[in-house]
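Have a look at the structure below before the remarks.
The values are calculated or read from the model by the stated rules, or taken from the named source; none is laboratory data. Note that the coordinates shown come from a computational prediction; the quantities given were computed from them, not determined experimentally. Note: ideal-geometry Cβ built from the backbone for every residue, glycine included; neighbour counts use all protein chains shown.
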Amino acid sequence: MINKVILVGNVGKDPEVRYLEKNVAVARFSLATSERAYTNAKGVLVPEKTEWHNIVVWRGLAEVVEKHVRKGTQVYIEGKITYNQWVDKAKVSHVATEIIADTLQLLGKKPDEQPAPLQVEYKESASEIEQLPKAGDEDIKDLAF
């Protein structure tokens, strides 16, 4: 089975970065991807459609995000999609759909600078990804993101 997601889009707000036990960094941010408007075979205009994705990055990749990613930054993301369900202390059910990124490449220019492209790429190893806590795990479910 394959669980692979590739996205190119713009960051919706500045990433929120936290450091957990043993100084493990985790960053979260929203990413907007858009499908262009087009005219279908019947001549009907189909408007542009924007989808929002919740992106989670860990360890070294989170540190790269903390230093270089801001609202509006265009990024290329590879990772896997996860669906996590949990019940909190108040017995309220939660569902989180997230993209756990293992590759991130910054595209375009740095915000507020010359149009020279910024190319930073980082890839997490498969063994590091498998050890990550999930959204419902005790270590991270109470973090305010």
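For E78, the test of being among the charged types (D, E, K, R) and modelled with pLDDT under 95 is failed. Which of the residues that make up the stretch 26-44 are out of contact with any Gly (no Cβ under 8 Å at 6 or more places or on another chain) and either at pLDDT 95 or above or under 19 Å from L7 (Cβ atoms) (or both)? Selection gives V26, A27, R28, E35, R36.
Kindly check whether there is at least one residue in the stretch 42-63 that is surrounded by fewer than 18 Cβ atoms within 10 Å (Cβ to Cβ), hydrophobic (A, V, I, L, M, F, W, C), touching a helix residue (DSSP H, G or I) at 6+ places or on another chain (Cβ under 8 Å) and in contact (Cβ under 8 Å) with a residue 12 or more places away in the chain. Checked against the condition, which is being surrounded by fewer than 18 Cβ atoms within 10 Å (Cβ to Cβ), hydrophobic (A, V, I, L, M, F, W, C), touching a helix residue (DSSP H, G or I) at 6+ places or on another chain (Cβ under 8 Å) and in contact (Cβ under 8 Å) with a residue 12 or more places away in the chain, the stretch 42-63 yields no hits at all. The set of residues in the stretch 21-41 being more than 17 Å from G108 (Cβ to Cβ) and loosely packed, with under 15 Cβ neighbours inside 10 Å consists of E21, K22, N23, E35, R36, A37, Y38, T39, N40, A41.
If you go through the stretch 80-98 one residue at a time, do you hit one that is among the acidic types (D, E) and part of a strand (DSSP E or B)? Yes: the stretch 80-98 contains one or more residues that are among the acidic types (D, E) and part of a strand (DSSP E or B). Of all residues in the stretch 57-71, those satisfying the criterion of being under 15 Å from L104 (Cα atoms) and in a loop (DSSP other than H, G, I, E, B) are V69, R70. Residues of the stretch 3-56 that are within 19 Å of the chain's Cα centre (by Cα) and either in a loop (DSSP other than H, G, I, E, B) or among the aromatic types (F, W, Y) (or both): N3, K4, G12, K13, D14, P15, Y19, L20, V24, F29, W52.
Out of G12, G79, one residue alone is surrounded by fewer than 20 Cβ atoms within 10 Å (Cβ to Cβ) and under 18 Å from L104 (Cα atoms). It is G12.
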